[in-house]
Amino acid sequence: MPEGDSIHRAARRVGAALVGSEIRSVELPQARHSRDRWAERLAGRDVRSVDAHGKHLFLRFDGDLTLHSHLRMGGAWGVYPRGGRWHRAARRAWLVIRTDEHEVVQFDGPVLELMTEGRTRFDQRLAAIGPDVLAAEFDKRAFLRRLRADDPTRGVGDALLDQRIVSGIGTVWKSEGCFLAGLSPWRRLGKVTDDQVLGVIREVRPLMERSVEGGRRQHRWVFERAGLPCRRCETPIEFRGQGDDNRNTFWCPECQR
Ligand SMILES: [Zn+2]
């Protein structure tokens, strides 16, 4: 599942291909969009910016028109030279934008919508999403306020995946961050200090930033290492689903308390 760092990376690539270039065509090939007339509305408009917020990506066109995308489990962005080979089948394309030099393709949705609101309404919608773990200045106060408004019996690992509390963290960085902060993902929110939970953010931010820059993928401390010895203490790594959605959680029962 794409996490915030891969969405930020995609936003950079898509932005580099589209911003400042003349948009030659916008197509929405899926039958579900055939009545929306989005292509006509977007025709001839420049792309002003491409921004990621958590796992959301926004293509902002001239005239307060914004395409909002969320990849959930299976969607993907591709940026190709014009006429180049795509890495998924053409029938899976939900959005195709062409410039003279590039083709930008969104595959498999599953969330793609044209937002026609002005700036204020757009900002209000963003505000409903938790602070972006990869924002230049992470909004600690908003994060803690949202976290403390949540059920104190909820496990911290589950809460960190809640995009209304903090956006951009998925199952990989949740497990890795809790390990690096020495915090059990099962610890209830009511028993976690602000500094402990901010410790998870402090640990994952530089790793995610490095990933946005396209740095080499570092080894995993616990993620997908169930039954293997902990790299610090050699205790076998444990694994269980957590929360209402039963999301994968890996942890070292010795290093994380
Ligand atoms: Zn350990």
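The values are calculated or read from the model by the stated rules, or taken from the named source; none is laboratory data. Just so we're clear, the structure is a prediction, and the values are computed from it rather than from any experiment. A quick note on method: Cβ atoms are made from the backbone with ideal geometry, for glycine too, and the neighbour counts reach across all protein chains shown. SASA here: full protein model, heavy atoms, side chains in, ligands and nucleic acids out. Shrake-Rupley method; radii C 1.70, N 1.55, O 1.52, S 1.80 Å.
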Collect the residues in segment 156-186 that are touching a strand residue (DSSP E or B) at 6+ places or on another chain (Cβ under 7 Å) and under 15 Å from PRO253 (Cα atoms), keeping them in residue-number order.
GLY157, SER175, CYS178, PHE179, SER184, PRO185, TRP186
Just a yes or no: is a residue in segment 90-104 open to solvent by less than 20 Å² (accessible area, probe 1.4 Å) and hydroxyl-bearing (Ser, Thr, Tyr)?
yes
Check off (1) open to solvent by 10 Å² or more (accessible area, probe 1.4 Å); (2) within 24 Å of the chain's Cα centre (by Cα); (3) touching a residue at least 60 places away in the same chain (Cβ under 8 Å) for VAL111 and give me the number that stays unchecked.
(3)
Looking only at segment 222-234, how many residues end up being within 21 Å of the chain's Cα centre (by Cα) and within 11 Å of the ligand (Cβ to nearest atom)?
1
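Is it the case that segment 77-86 has a residue that's hydroxyl-bearing (Ser, Thr, Tyr), modelled with pLDDT under 95 and over 18 Å from the mean Cα position of the chain (by Cα)? Give the steps one after another, and end with the answer.
Taking segment 77-86 as the starting set, the residues that turn out to be hydroxyl-bearing (Ser, Thr, Tyr) are 80.
Checking the rest, the ones that are also modelled with pLDDT under 95 come to none.
Looking through segment 77-86, none of the residues is hydroxyl-bearing (Ser, Thr, Tyr), modelled with pLDDT under 95 and over 18 Å from the mean Cα position of the chain (by Cα).
Could you name every one of the helices (runs of 4 or more DSSP H) located completely within segment 146-257 that has at least 1 residues being open to solvent by 50 Å² or more (accessible area, probe 1.4 Å)? Show your work before the answer.
Details: elements: 156-160, 171-180, 194-212.
Result: 194-212.
In segment 28-45, is there at least one residue being open to solvent by less than 20 Å² (accessible area, probe 1.4 Å), part of a loop (DSSP other than H, G, I, E, B), at pLDDT below 95 and closer than 14 Å to GLN106 by Cβ? Working first, answer last.
First, the residues of segment 28-45 that are open to solvent by less than 20 Å² (accessible area, probe 1.4 Å): 33, 42.
Going one step further and asking which of them are part of a loop (DSSP other than H, G, I, E, B), we end up with none.
Scanning segment 28-45 turns up no residue that is open to solvent by less than 20 Å² (accessible area, probe 1.4 Å), part of a loop (DSSP other than H, G, I, E, B), at pLDDT below 95 and closer than 14 Å to GLN106 by Cβ.
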Taking segment 235-257 as the search range and keeping residues that are among the polar types (S, T, N, Q) and within 14 Å of the ligand (Cβ to nearest atom), which one is farthest from VAL156 (Cα to Cα)?
THR235
Are there any strands (runs of 3 or more DSSP E) wholly within segment 63-144 with 1 or more residues that are over 30 Å from LEU189 (Cα atoms) and touching a Pro at 6+ places or on another chain (Cβ under 8 Å), and if so which?
76-81, 93-98, 102-107
So for segment 184-207 (the condition being aromatic (Phe, Trp, Tyr), farther than 20 Å from PRO2 by Cα, within 16 Å of the ligand (Cβ to nearest atom) and in contact with a Cys (Cβ under 7 Å, 6 or more places away or on another chain)), does at least one residue qualify?
no
Inspect segment 124-138 for any residue being under 30 Å from ALA39 (Cβ atoms) and open to solvent by 70 Å² or more (accessible area, probe 1.4 Å) and give the result as yes or no.
yes
Using the structure shown, decide if GLY215 is under 20 Å from ALA149 (Cα atoms), of a type in the set (Gly, Ala, Ser) and more than 14 Å from the ligand (Cβ to nearest atom).
no
